[in-house]
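Scroll down for the structure; my scribbles are underneath it.
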Amino acid sequence: MNRLHYILSISLLTLLSLVVRAQEGSGGTRIVPADERTALYLPLLQGKRIALLANHTAQVGRQHLLDLLLEKGINVTAVFSPEHGFRGTEEAGGTVRSEVDRQTGVPILSLYGGGRSKGPAERDMQKFDVLVVDLQDVGLRFYTYYICMYYLMDACAAQDKPVVVLDRPNPNGHYVDGPILDVAHHKSGVGILPIPVVHGLTLGELAQMINGEGWLTDGKTCKLTVIPCRNYSHRSLYRLPIPPSPNLPNMQAVYLYPSLCLFEGTVVSLGRGTDKPFQVYGHPLMKGAPYRFTPRSVSAAKNPPLRDKICYGFDLSEVPQDSIRQDGLNLSYVIDAYLRLGMGDRFFTSYFERLIGVDYVRQMIKQGCTAEEIRARWQEDVKRFKTQRKPYLLYEE
C-alpha cells in the first residue's frame, strides 16, 4: 500500500479542497520542494545512518520521503516526529507516543509530549550520523514544528552531527507581522525565539538564522546544509497539497490562523470541534451575532473549548482569501469579541501573552485601542526583524 494512503486519515473532500495540483511560482513555473531535488542531497546521505525529522507532509510526489530513501538504499535508522505525530492525526497538545512504523520497521521517536516540544533523548542521538528535516511549516511563531527542529539542531551541534534541511515553501511567507517575542517573560512551548508572530521565513531560512544569530545553546552552531526549493519566492502563492495539521484543513484556515489562533488565549471558541476550525469564532454569551455553532468531541479535538455548548459568533469561511492575505495579522476579530462579551480582563487567559508574545497588546485592547493603533506599536519590531533576517534569505522578497 502506498504510504500516502497509510499515513493520511483525512477525507477525499478535504484533499480536493486543498487543490492537489502543481504549484506555480513566478512566470507560471512549478514550485519544486527541496525533497524532489534528490540529486542535491542523496550524495550527502550515502553510507551514513540517517534520522528524519518528518511527518505526513514529507511527500515526494506521491511517495513519502521515508519510502523514497529506503528505496534508494539509504540507511534510515530513526524518524523523529513533532506535534500531531508522524501521521499528522494527533490533536493539538495531544500526547505523541514513540512507536515503530508498521510498514518499514523504522523506529518513530516522539519529540512532543506533556503539551510541549522537547529535545531528543541521549540514547536516540546515538542512532544516527546525519539528520534530515522535511516538514511543511506555516510560518508562525506559535506553530511548533520549528521548535522540534531547533531542539534537534541544538543536540546535533553539541555532538557535531550534520543537519540537512529539505526546504518547503511557506504559505504565509509573503509578509512579516506581529511583535517580537519577549523571551525574558513569555518564552514557552509555543514560542522560544525572538521572532515576530508571522516571521515570513521558510524552515530552511529560519535554520540559517538560528545558526547565524547564535540562538542555539551557548551560541554554538550546527553543521547545516539547506537544500532550497526551486522557482519559489516570498511573493509566490503556494497552496498546500496536504493539510499540515488536523485543525488546518484548508487554505482558508492557514491564512486565518495568525489572527484566530489568538482566541486560544481567551474564553472564545475558534471552531475546534467543528468542520470549520480556525474559520469561525464565537461564545455562548455572544447573542445577536449572526452565526451559531456547537463544538463537539472529534478526533482532531477530543475536548474542545466550549464543548457541547451553542456558540454565537461569526463565520469567516467565505471571506475572500486575497483579503485575508492582505490584512495579515488582524486583531479586529479579537477586539470585536472582547467588546461584544464585555467581560473585561476575564476575557483573557494567561495563554494570550504566550501567543502574542508581549504584555502591551492585552493592555491596549482593554484601553479601547483599535487594531490599527496596536499594529502601529509593533511596526518597529517588524522593520528591525526584516533587516536582521535579510542575510539568511534564500528566496527573493
Query raised in the report: Of the peptides 144-151, 177-184, how do they stack up when ordered by the mean number of other Cβ atoms within 10 Å, highest first?
Result: 144-151, 177-184
Query raised in the report: Calculated from DSSP H runs of 4 or more alone, at -39500 (n - 2.57) each and per residue, what is the 222 nm mean residue ellipticity of the chain, nearest 500?
Result: -8000 deg cm²/dmol
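I'd like the Kirkwood hydrodynamic radius of the chain, using the inverse of the mean 1/r over distinct C-alpha pairs, in Å. Write down the numbers at each step before the final one.
Working: mean 1/r = 0.0465 Å⁻¹.
Kirkwood hydrodynamic radius for the chain: 21.5 Å.
Just want to confirm a number: the relative contact order over the range 251-366, from Cα pairs under 8 angstrom separated by 6+ residues, in percent. Intermediate results must be reported in sequence, preceding the final value.
Values: 194 pairs, mean separation 34.4, N = 116.
Across the range 251-366, relative contact order equals 30 percent.
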**Report entry** Tilt relative to the chain, helix 145-159 - C-alpha long axis, 0 to 90 degrees, to 10
**Finding:** 40
Report task. Please label the shape of the range 24-240 as rounded, prolate or oblate, based on the square roots a ≥ b ≥ c of the eigenvalues of the alpha-carbon gyration tensor (a/c under 1.5 means rounded; beyond that, a/b larger than b/c means prolate, else oblate). Result -> rounded
Query raised in the report: Based on the mean of other beta carbon atoms within 10 Å per residue, what is the order of 68-75, 99-106, most packed first?
Result: 68-75, 99-106
Requested in this report: May I ask for the angle, rounded to the nearest 10°, between helix 203-212 and the longest principal axis of the chain, with both axes built from Cα atoms and the value confined to 0 to 90°?
Outcome: 80
Query raised in the report: What's the local net charge at Ala51, with K and R +1, D and E -1, over the other residues with C-beta under 12 Å away?
Result: +1
Query raised in the report: Roughly how many nanometres apart are two label points built 7 Å out from the Cα toward the Cβ at Lys72 and Tyr291?
Result: 4.3
Query raised in the report: Counting alpha carbon pairs within less than 8 Å and at least 6 residues apart, what relative contact order, in whole percent, applies to the chain?
Result: 17
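Pulled fully out, how much extra length does the chain show between Arg307 and Lys220, if you take 0.36 nm times their separation in residues and subtract their Cα-Cα distance? Don't jump to the answer; show the numbers that get you there.
Numbers: separation 87, 0.36 × 87 = 31.32 nm, distance 4.54 nm.
Between Arg307 and Lys220, full extension yields 26.8 nm more.
Rg over Rh of the range 251-366, using C-alpha atoms and the Kirkwood radius, what does it come to?
Values: Rg = 13.4 Å, Rh = 14.3 Å.
In the range 251-366, Rg relative to Rh is 0.94.
Throughout, read-outs are computed from the coordinates displayed, never taken from laboratory work. Everything quoted here is computed from the prediction, not taken from an experiment. FYI the Cβ positions are ideal-geometry reconstructions off the backbone, even for glycines, and counts take in every protein chain you see.
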